[in-house]
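Worksheet for the structure shown next.
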Amino acid sequence: MFTAEVLDRGRTWYRRWLCRELELGEADAIIHARMEERECYVVLEWPDGQLHIRASAANEEEGRALGRAGLYEIEELVAEEASPLQPDRRRLAASNGNGQASFEHARQ
């Protein structure tokens, strides 16, 4: 789906901040971008468990590159906004007196 050239172009567009808006839905993502002097968009969907890309780009390769730039944007958003993983249910308790640590289950 993504050739090396498309991946490189998508990474470059992501780094140049071409993506202007990101709309995330339950089953799709819409990325709006400004490329040269025109506005365009790409829709990423996973209707059957596989990625499908629709774009208002000049050609299919450009649409895929914009889709890849959008995936980078989504990755960045998730990394910034997602809460950290739930801490381990076990917590280190005070030493049990013989120099060894014991564990107890955290209550929920």
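For the reader, a short list of remarks on this structure follows.
- Counted by neighbouring Cβ atoms within 10 Å, the residues 40, 19 run from fewest to most as 40, 19.
- Cβ-Cβ distance of residue 77 and residue 48, R₀ of 22 Å, FRET efficiency by 1/(1 + (r/R0)^6): the value works out to about 0.35.
- Pairwise label distance in nanometres, residue 16 with residue 3, each label 7 Å out on the Cα-Cβ vector: 1.8 nm
- Protection proxy ranking of 8-16, 68-76 - average other beta-carbon atoms within 10 Å, highest first: 68-76, 8-16
- Net charge, residue 3 excluded, C-beta distance under 15 Å - Lys, Arg +1, Asp, Glu -1: -1
- Here the Karplus curve 6.51 cos²θ - 1.76 cosθ + 1.60, taken at θ = phi - 60°, turns the phi angles of segment 18-34 into couplings of 6, 6, 9, 8, 10, 10, 10, x, 5, 10, 7, 9, 10, 10, 9, 9, 10 Hz, with x standing for Gly and Pro.
- Charge dipole (Cα centre; +1 on Lys/Arg Cβ, -1 on Asp/Glu Cβ; no other charges) of segment 4-81 amounts to roughly 320 debye.
- Stokes-Einstein D for segment 4-81, Kirkwood Rh over Cα pairs, 4 °C, 1.567 mPa s (µm²/s): 105 µm²/s
Bear in mind these aren't lab numbers, they're just calculated from the coordinates by the rules spelled out. Since this is a predicted model, take the numbers as computed values, not measurements. Positions of Cβ are backbone-derived with ideal geometry, glycine not excepted, and every protein chain shown enters the neighbour counts.
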